[in-house]
């Protein structure tokens with residue numbers, strides 16, 4: 001079966017062209033330092049709690065949970081998945097309802113189960129929810145619902161940072177999660193870690209259509225996996241990724257501007273006057 005690059009991007013969270021974000025390569029590392037400063041995230045999340053779009057999403061999430069008839073239906077409801085997937089570190093998988101349902105209902109301790117086969121991120125998500133054992137009532141547990149709501153607020157806050165500096169939310173997630181990767185497939189199976197590592201190493205998005213073993217060799221030939229347990233090395237990778245993301249965003253913004261009819265008319269006007 002042939003698979004297109006756009007399909008790979010949808011499945012694995014590989015970045016696609018067309019999006020823009022502000023912030024230059026020179027501003028990337030200072031932006032990361034500001035985001036990591038004491039109290040910065042708490043203040044950002046406090047602001048997010050007042051955002052009407054975020055509040056609406058959380059209200060729909062809780063309403064859908066209350067009305068769900070079965071755990072299977074709950075894990076296929078867009079109103080639930082739109083909060084649950086980002087909260088579990090699986091943003092981008094909201095539209096893969098069938099896969100999500102099967103993976104999150106599988107036993108994370110079963111190495112042959114779907115969650116384990118999909119990688120550490122899915123396995124951790126399945127373990128966090130525990131619905132393979134508790135079912136719908138477990139998903140409705142007040143403590144779990146509160147934890148997922150708070151994680152979603154954090155995700156929304158961090159995603160908003162990307163409007164100021166391209167890739168900043170990815171970098172923050174990577175700094176927190178890199179140590180969880182025990183092998184190269186944990187990196188490749190996690191959309192955010194994949195973006196950060198391949199971006200920092202300068203590996204192309206198109207690599208995703210290659211066999212996973214080939215991808216693994218491409219990464220390990222440039223990166224010692226044990227360095228993901230080193231905070232200093234992880235920080236350097238995150239910084240390299242941010243600089244690369246800023247350069248990519250700037251190039252995309254330039255290409256978009258060059259192809260914009262109004263920009264072309266303006267440029268032509270300047271040429272005629274000169």
Starting from 0.36 nm per residue, how many nanometres of slack lie between residue 109 and residue 176 once their C-alpha separation is accounted for?
21.8 nm
Starting with the fewest neighbours, write out 61, 174 ranked by other beta-carbon atoms found within 10 Å of each beta-carbon.
61, 174
What relative contact order, as a whole-number percentage, does the range 132-246 give when Cα pairs under 8 Å and 6 or more residues apart are counted?
31 percent
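If packing is taken as the average number of other Cβ atoms within 10 Å across a peptide's residues, how do 105-113, 64-72, 152-160, 33-41 rank, most packed first?
Order by mean packing, descending: 152-160, 105-113, 64-72, 33-41.
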Ranking 120, 63, 143 by Cβ neighbours within 10 Å, fewest first, what do you get?
143, 63, 120
Final fewest-first order of 102, 222 on the 10 Å Cβ neighbour count is 222, 102
At what distance in angstrom do the alpha carbon centres of the range 40-110 and the range 193-216 lie from each other?
27 Å
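Laboratory data are not the source of any read-out in this text; all were calculated from the coordinates shown. Everything quoted here is computed from the prediction, not taken from an experiment. Quick reminder, even Gly has a Cβ in these numbers, built from the backbone with ideal geometry, and neighbours come from all protein chains shown.
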